[in-house]
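Worksheet: one structure, shown below.
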Amino acid sequence: MAESSPILTNFTSGELSPRLNGRIDMEKYYNGASSIDNFQVLMHGGLQKRSGTRYIAPIKTQTGSNSGARLIPFVFSKTQAYILEFGHNYIRFFKDEGQITSGGSVYEISTTYTAAQISEIEYVQSADVLYLVHDNHKPRKLSRTGHTSWSISDVDFFDGPYDAANTSSTTLTPSGTSGSVTVTASSSVFVANDVGRSVRIKHSSTWGFGIITAFGSATSVTVAVNADRNYGGTGAVTDWRLGTFYTGNFPTKITFFEERLFYAGTTQQPSTVFGSMSADFDKFSPTSVDGSVNDDNGLSFTLVSDQVNQITGMYGGKFLHIFTKNGAFNMSSGSATQGITPTTVQVTNETNDGAADKKVSPASKSVLFIGKNKKRLREFAYNIDYDSFTTPDMTVLSEHVGFGGFEECSFANYPNNILWVRRGDGVLLGFTYYRDQDVTAWHRHTIAGTNAKVKSIAVIPGVDDAFDTLYLIIERTINSATTQYVEFLEEDYRVDDGLTKDDQFFVDSGLTYSGSSTSTLTGLNHLEGQTVAVLNNGAVEANKTVSSGAITLTNATTKCHVGLPFTAELESVNVEPKSQYGTTQGKRGRIDKVIFRLFETVGLKAGPASSSVDVVPFRTTTSTMSATEPKTGDYTFLMPATYTTENKLYVKSDTAQACTISAIMIQMSTYS
């Protein structure tokens, strides 16, 4: 019998695909696990039990044909960050972990976005204005002037953007040069959907434009001529252009780059980007009035390749990153010292890995995007070895996490560099991404509750910018009814942040009581009929059942957390000690003893199977029976005498208390 003492020093490979079971030739095998649930992988390599979710409020429409909502972030500054609840024809607002009210009622504004459309809205923010695009709506601005003062309006486009200039013999003839005029075409040009579309006409050396206000026929429309760009004459001319954006052809993608606002993704020009004038986001004049092209004029560019590349996402960084169904592109001026202009546009097709029609997520120096089949997450970043941008697959070692389809991503930079990912089946995933230390680790998070599904996610800076906060809409069955609640993930538990054992918050859809001593807690109507976990002054009480919105405690409390219980669980890979006697894979053996190196931990269980775990002892014969303070140090667990060819370790934290695992030292015996 051979004895060995392997150590699991980190989990920076995250939850590994079952297809890698046995790949002991890979170094990342030793830094991974078979399953990580409700533990998040830290940048330092250890595992930390995720905090619980705190309940805020139900969404406006929880059931029915127009039910559902989507969360969108609005960040003006570190102290003025909001979560917007977009639902059927409305927006509600959240700030500082609470819902905004006005005059005792929930504050909301009306919109024309339907429940079926909200998931397709794309957005980008500039100061107090959030630009919104959707293919069935003219681009809009959501503006804020105060916590309870928001308004939404259509973008008032000035002079563009436009389709390509007319090259046919068809002429346009305006009946006048200013005010409301009739524009007549020599052949069929117009359709009913052109109302609201720009018409740019050149007479002699003067370009003017107006907006179509009424459709008469295929050869006649009424146009309101812009007072600052009157038409230069009333003759029939072939120099004219029609606006790109109109009903049935509105853009679906939007971003900022080099002080320009870029739109893309129209139905008729799916591969074309349209850039505003420099530092003037609503103006798109392709030339001056006299037809000259200046550096600050608007611009447009169509991606050229051997197939149509529908633009699915954009992000402005050092380059304008453009993602399409069939590849990723970079747009720039081609100069490190000159900004992009209408005459200096250069585009490089960096890779042929396509992207899904989902919003991309900037993360440090990279952009993370969902692959076109929605089962892969890719990284778009410069690779010095290739002297170009590459798109490596971030799910290559964990391909199983993509089944269910990635739908939504949001990056929380501090404290743990985690990209939160919502799957189409309602599963929440975390992806710890810290390239400087080669940390790319997936972990799953099972939200507590019957039929619990995550329906939307968004991240904004937390209160006082102390940490980044993940907000969620969570659907559950509560008291036989379908509910959808807005909740947020509480901050990580750290004693160094001034938190005590009483502050451990490890329940879902939870609330906290803090006040004078009491044995009855009310205000739990949102968990009616549910079995809830209780942490009373830092000590675990037996689970209670909520009745009439209340529970009765076993012991009086001055601070108590109540919510749905959840378990954090780790299933290791088949432990491989790298023995001089050869591999232990497939050989009968046992794990004799485990030493856990813990950090600020209270509750932990371990064993040879998920259904066979025992408490890792923290107390000694001299310990008091008061609430246990979080422990840091090495704690020994003796495994039951179980011989098997699959030497795995199962670890659980199933109480409403903190748990952080820095390393696991194993002593095992193997029959040779």
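The values are calculated or read from the model by the stated rules, or taken from the named source; none is laboratory data. Just so it is clear, the structure is predicted and the values come from calculations on it, not from any experiment. Here Cβ is always computed from backbone atoms with ideal geometry, including for glycine, and neighbour counts include all displayed protein chains. Note: accessible area is taken over every heavy atom of the protein model, side chains too, but ligands, DNA and RNA are not part of it. Shrake-Rupley method; radii C 1.70, N 1.55, O 1.52, S 1.80 Å.
Among the listed residues 519, 456, 514, identify the single one that is open to solvent by 60 Å² or more (accessible area, probe 1.4 Å), part of a strand (DSSP E or B) and either touching a residue at least 24 places away in the same chain (Cβ under 8 Å) or within 16 Å of residue 426 (Cβ to Cβ) (or both). Please lay out each step first, then the result.
Working: 519 fails: open to solvent by 60 Å² or more (accessible area, probe 1.4 Å); 456 fails: open to solvent by 60 Å² or more (accessible area, probe 1.4 Å).
Selected residue: 514, the only one of 519, 456, 514 that is open to solvent by 60 Å² or more (accessible area, probe 1.4 Å), part of a strand (DSSP E or B) and either touching a residue at least 24 places away in the same chain (Cβ under 8 Å) or within 16 Å of residue 426 (Cβ to Cβ) (or both).
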In the stretch 463-474, the residues that are under 15 Å from residue 418 (Cα atoms) and either outside any strand (DSSP E or B) or free of Cβ contacts under 8 Å to residues at least 60 places away in the same chain (or both)
467, 468
How many residues does the stretch 180-190 hold that are open to solvent by less than 40 Å² (accessible area, probe 1.4 Å) and assigned to a loop (DSSP other than H, G, I, E, B)?
2
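Mind telling me which of the residues 450, 483, 477, 440 ends up being of a type outside the set (A, V, I, L, M), over 26 Å from residue 602 (Cβ atoms), assigned to a loop (DSSP other than H, G, I, E, B) and open to solvent by 10 Å² or more (accessible area, probe 1.4 Å)?
Values: 483 fails: assigned to a loop (DSSP other than H, G, I, E, B); 477 fails: assigned to a loop (DSSP other than H, G, I, E, B); 440 fails: assigned to a loop (DSSP other than H, G, I, E, B).
The unique qualifying residue is 450.
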Within the stretch 617-643, of all residues that are over 16 Å from residue 600 (Cα atoms) and either crowded, with 17+ Cβ neighbours inside 10 Å or basic (Lys, Arg) (or both), the one modelled with the highest pLDDT is 637
What residue, of 478, 473, is more than 17 Å from residue 51 (Cα to Cα) and at pLDDT 95 or above?
478
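Results for (1) of a type in the set (Lys, Arg); (2) within 21 Å of the chain's Cα centre (by Cα); (3) modelled with pLDDT of 95 or more; (4) within 30 Å of residue 523 (Cα to Cα), shown as yes or no for each residue.
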position: 4; (1), (2), (3), (4): no, no, no, no
position: 50; (1), (2), (3), (4): yes, yes, yes, yes
position: 58; (1), (2), (3), (4): no, yes, yes, yes
position: 62; (1), (2), (3), (4): no, no, yes, yes
position: 66; (1), (2), (3), (4): no, no, yes, yes
position: 75; (1), (2), (3), (4): no, yes, yes, no
position: 84; (1), (2), (3), (4): no, yes, yes, yes
position: 90; (1), (2), (3), (4): no, no, yes, yes
In the stretch 50-83, anything out of contact with any Ser or Thr (no Cβ under 6 Å at 6 or more places or on another chain), under 16 Å from residue 108 (Cβ atoms), not hydrophobic (A, V, I, L, M, F, W, C) and not in a loop (DSSP other than H, G, I, E, B) is listed as 58, 82
Subset of the stretch 245-263 (residues that are open to solvent by 30 Å² or more (accessible area, probe 1.4 Å) and either assigned to a strand (DSSP E or B) or aromatic (Phe, Trp, Tyr) (or both)):
246, 256
If I ask for residues that are in a strand (DSSP E or B), free of Cβ contacts under 8 Å to residues at least 60 places away in the same chain, of a type in the set (A, V, I, L, M) and open to solvent by 20 Å² or more (accessible area, probe 1.4 Å), which ones from the stretch 121-147 would you list?
129
Boolean, residue 242 is open to solvent by less than 50 Å² (accessible area, probe 1.4 Å), closer than 16 Å to residue 202 by Cβ, in contact (Cβ under 8 Å) with a residue 40 or more places away in the chain and out of contact with any helix residue (DSSP H, G or I) (no Cβ under 7 Å at 6 or more places or on another chain):
yes
In the set 216, 232, 210, the lone residue that is open to solvent by less than 10 Å² (accessible area, probe 1.4 Å) and in contact with a strand residue (DSSP E or B) (Cβ under 9 Å, 6 or more places away or on another chain) is 210
Residue 307 fails exactly one of the following numbered conditions: (1) over 19 Å from residue 251 (Cα atoms); (2) in a loop (DSSP other than H, G, I, E, B); (3) at pLDDT 95 or above; (4) not hydrophobic (A, V, I, L, M, F, W, C). What is the number of that condition?
(3)
So which of 458, 448 ends up being at pLDDT 95 or above and either more than 23 Å from residue 15 (Cβ to Cβ) or touching a helix residue (DSSP H, G or I) at 6+ places or on another chain (Cβ under 7 Å) (or both)?
458
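Of all residues in the stretch 644-664, count the ones that are part of a strand (DSSP E or B) and open to solvent by less than 20 Å² (accessible area, probe 1.4 Å).
So in the stretch 644-664, the residues part of a strand (DSSP E or B) come out as 644, 650-653, 660-664.
From what is left, the residues that are open to solvent by less than 20 Å² (accessible area, probe 1.4 Å) are 651, 653, 660-661, 663-664.
Total meeting the criteria: 6.
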Residue 276 - would you say it is in contact with a Phe, Trp or Tyr (Cβ under 6 Å, 6 or more places away or on another chain) and open to solvent by 40 Å² or more (accessible area, probe 1.4 Å)?
no
Residue 26 is checked against (1) touching a residue at least 12 places away in the same chain (Cβ under 8 Å); (2) farther than 30 Å from residue 96 by Cβ; (3) of a type outside the set (D, E, K, R) and fails just one. What number does that condition carry?
(1)
Condition met for residue 318 (surrounded by 17 or more Cβ atoms within 10 Å (Cβ to Cβ) and either charged (D, E, K, R) or closer than 27 Å to residue 226 by Cβ (or both))
no
Exactly one of 290, 295, 306 is open to solvent by 60 Å² or more (accessible area, probe 1.4 Å) and either of a type in the set (S, T, N, Q) or without any contact (Cβ under 8 Å) to a residue 24 or more places away in the chain (or both), and that residue is 306
All positions within the stretch 33-48 that are outside any loop (DSSP other than H, G, I, E, B), surrounded by fewer than 21 Cβ atoms within 10 Å (Cβ to Cβ) and over 20 Å from the mean Cα position of the chain (by Cα):
34, 35
Output for Cβ contacts, cut-off 8 Å, separation at least six or different chains, first residue without any contact (Cβ under 8 Å) to a residue 12 or more places away in the chain in the stretch 329-342, second surrounded by 15 or more Cβ atoms within 10 Å (Cβ to Cβ) and not small (Gly, Ala, Ser), reads none
With the condition being open to solvent by less than 10 Å² (accessible area, probe 1.4 Å) and not charged (D, E, K, R), I'd like the strands (runs of 3 or more DSSP E) fully within the stretch 526-587 carrying at least 3 qualifying residues.
531-536, 551-564, 568-572
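Rundown of residues vs (1) among the β-branched types (Val, Ile, Thr); (2) farther than 25 Å from residue 134 by Cβ; (3) free of Cβ contacts under 8 Å to residues at least 24 places away in the same chain, yes/no style:
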residue: 177; (1), (2), (3): yes, yes, no
residue: 187; (1), (2), (3): no, yes, no
residue: 196; (1), (2), (3): no, no, no
residue: 233; (1), (2), (3): no, yes, no
residue: 262; (1), (2), (3): no, no, no
residue: 284; (1), (2), (3): no, no, no
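Only residues that are within 19 Å of residue 33 (Cβ to Cβ), open to solvent by 20 Å² or more (accessible area, probe 1.4 Å), touching a residue at least 40 places away in the same chain (Cβ under 8 Å) and not charged (D, E, K, R): list them for the stretch 395-416, please.
Going residue by residue through the stretch 395-416, those that are within 19 Å of residue 33 (Cβ to Cβ) are 395-403, 416.
With open to solvent by 20 Å² or more (accessible area, probe 1.4 Å) added as a condition, the list becomes 396-397, 399-400, 403.
Okay, now just the ones that are also touching a residue at least 40 places away in the same chain (Cβ under 8 Å), so 397, 399-400.
Passing the criteria: 397, 400.
Looking at the stretch 148-164 only, could you name the residues that are assigned to a loop (DSSP other than H, G, I, E, B) and either among the aromatic types (Phe, Trp, Tyr) or under 30 Å from residue 207 (Cβ atoms) (or both)? Step through it out loud before you land on a result.
Keep residues of the stretch 148-164 that are assigned to a loop (DSSP other than H, G, I, E, B), which gives 148, 155-157, 159-161, 163-164.
Answer for the stretch 148-164, where residues must be assigned to a loop (DSSP other than H, G, I, E, B) and either among the aromatic types (Phe, Trp, Tyr) or under 30 Å from residue 207 (Cβ atoms) (or both): 155, 156, 157, 159, 160, 161, 163, 164.
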